[in-house]
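The values are calculated or read from the model by the stated rules, or taken from the named source; none is laboratory data. This one's a predicted model, so the numbers in the text were calculated from it and none came from an experiment. Here Cβ is always computed from backbone atoms with ideal geometry, including for glycine, and neighbour counts include all displayed protein chains.
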Amino acid sequence: MPPGWWPQRGEVANALRAEMQTVVVVPQGQGAFVAVQEEKDLEGVETVLVLDFGYNTVDYLLMAITKYGKFEIIKGNTLPRLEVTKLVKLFRGELKGELSELPDRALKEMLRTGQGKLYGENIDLSGHKRRAVEKYCAILMGELKSNVGETWREADAVICTGGGFTTLNPKGTYRTTV
């Protein structure tokens, strides 16, 4: 469940128990952490920041890895207004003329690939994408600072995941920074 709804996890678990025998509620983003941890990419890492990029929100989990690979959540929440649509708007602002008037779905694909086509001609939009992503990341870092404080900067690794992440990284895979 989204970290922003974490305080309601008991209510959600109880509602699900009416339909199922076993219910385990975990915060969104934990799966990406477990997948990376299983691949042993996190040896020697004490703190991890998981960023789950969605099309409507960005969820974050700041986690401490304890003995034997166990972990504890230091802080987590849902950041509204940082959805991929925000990035598309920033990308649109970088474009000129007819390109800036294209529908969001077309711009999402151009943003994802860094390429576009207008009147049958291929257009390199990688510079426009880079500038939009830089602006988006600056906004994201500001939101993290105001929500988590400076402790997020002390994370030993960052895991980026989620459906919206494919817009930032066309391969759609997580990456860690150790």
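Tell me, yes or no, whether segment 130-150 has at least one residue that is in contact with a helix residue (DSSP H, G or I) (Cβ under 8 Å, 6 or more places away or on another chain), farther than 16 Å from Y60 by Cα and of a type in the set (D, E, K, R). Checked segment 130-150: at least one residue is in contact with a helix residue (DSSP H, G or I) (Cβ under 8 Å, 6 or more places away or on another chain), farther than 16 Å from Y60 by Cα and of a type in the set (D, E, K, R). Filter segment 94-106 down to the residues that are part of a loop (DSSP other than H, G, I, E, B) and of a type outside the set (A, V, I, L, M, F, W, C) and list them by number. Correct list: K96, P103.
Checking the structure you have, find out if any residue of segment 121-135 is assigned to a helix (DSSP H, G or I) and in contact with a strand residue (DSSP E or B) (Cβ under 6 Å, 6 or more places away or on another chain). No, because not a single residue in segment 121-135 is assigned to a helix (DSSP H, G or I) and in contact with a strand residue (DSSP E or B) (Cβ under 6 Å, 6 or more places away or on another chain).
With respect to the conditions (1) modelled with pLDDT of 80 or more; (2) not in a helix (DSSP H, G or I), F91 falls short on a single one, namely (2). Can you tell me how many residues within segment 108-145 are within 16 Å of V84 (Cβ to Cβ) and either in contact with a Phe, Trp or Tyr (Cβ under 6 Å, 6 or more places away or on another chain) or touching a residue at least 60 places away in the same chain (Cβ under 8 Å) (or both)? Number satisfying all stated conditions: 4.
Being under 22 Å from D52 (Cβ atoms) and charged (D, E, K, R) is a property that holds for K89.
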